[in-house]
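**Q** Got a structure here, written out as structure tokens. Questions coming.
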Amino acid sequence: MTDSDEKPHISLSDIHERDALTYEIGRYFETFANVEVSLSDIVAGLLNIKPAHIQFLWKGVFTDQKIKTTRRTIINTLGTEHPFWIELKPILNELSEKAASHRNTLAHGLILEERGKTKLGKPGASPFLQFQEFSQIAAADIQKEIERLSRIGLALMKAKAELA
């Protein structure tokens with residue numbers, strides 16, 4: 001393929017704001033999926049089984065449970081004083097406390113346009129509650145979360161490599 005055969009790259013600033021937001025949400029879920037694969041790689045490595053087996057077992061499991069299973073596996077196989085656990089504990093905490101909840105809001109919340117602004121409503125106990133907590137959302141907001149997830153994903157991959 002020559003340079004002339006390559007498709008042009010379009011900057012997100014060159015497209016409609018809602019299209020840029022949709023694109024970044026897709027990138028967010030792609031990045032989150034990679035983080036979940038890293039979790040399954042860690043569990044599989046510690047239990048000496050194939051990552052595909054963990055991924056099969058986790059197919060219908062909520063993200064929070066995947067994180068808890070990873071914690072439990074590390075603690076039960078290596079202990080709480082092991083450097084691997086000490087290194088991963090804050091990373092798993094951030095994944096659980098911040099990234100996973102943001103993922104759930106994006107996946108299950110309601111995105112709508114109101115007076116030209118795109119807003120995200122958090123999942124609530126009822127539609128009434130969901131409509132009470134809307135906040136503005138833009139592609140840049142999602143980009144910040146992608147950066148957080150990428151940092152978490154790199155830390156998980158690094159830890160897995162050190163474990164091997």
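**Q** Starting from 0 in steps of 10 Å, tell me what percent of the Cα-Cα pairs of the chain lands in each bin.
**A** The percentages, shortest bin first, are 9, 32, 28, 20, 10, 1.
**Q** Can you tell me the order of 57-63, 116-122 when each peptide is scored by its average per-residue count of other Cβ atoms within 10 angstrom, highest first?
**A** Final packing ranking: 116-122, 57-63.
**Q** In what sequence, largest accessible area first, do Lys98, Lys144 appear using a 1.4 Å probe?
**A** So, going from the largest accessible area down, we get Lys144, Lys98.
**Q** At a Cα cut-off below 22 Å, give the lysines reachable from Lys158, other chains included and same-chain residues fewer than 8 away excluded.
**A** Answer for Lys158, where 22 Å is the Cα cut-off: Lys50, Lys66, Lys68, Lys89, Lys98, Lys144, listed by chain and number.
The values are calculated or read from the model by the stated rules, or taken from the named source; none is laboratory data. Just so we're clear, the structure is a prediction, and the values are computed from it rather than from any experiment. Virtual Cβ from ideal backbone geometry, glycine too; neighbours counted across all protein chains shown. To get the accessible areas, we keep the full protein, side chains included, count just its heavy atoms, and leave off ligands, DNA and RNA. Shrake-Rupley method; radii C 1.70, N 1.55, O 1.52, S 1.80 Å.
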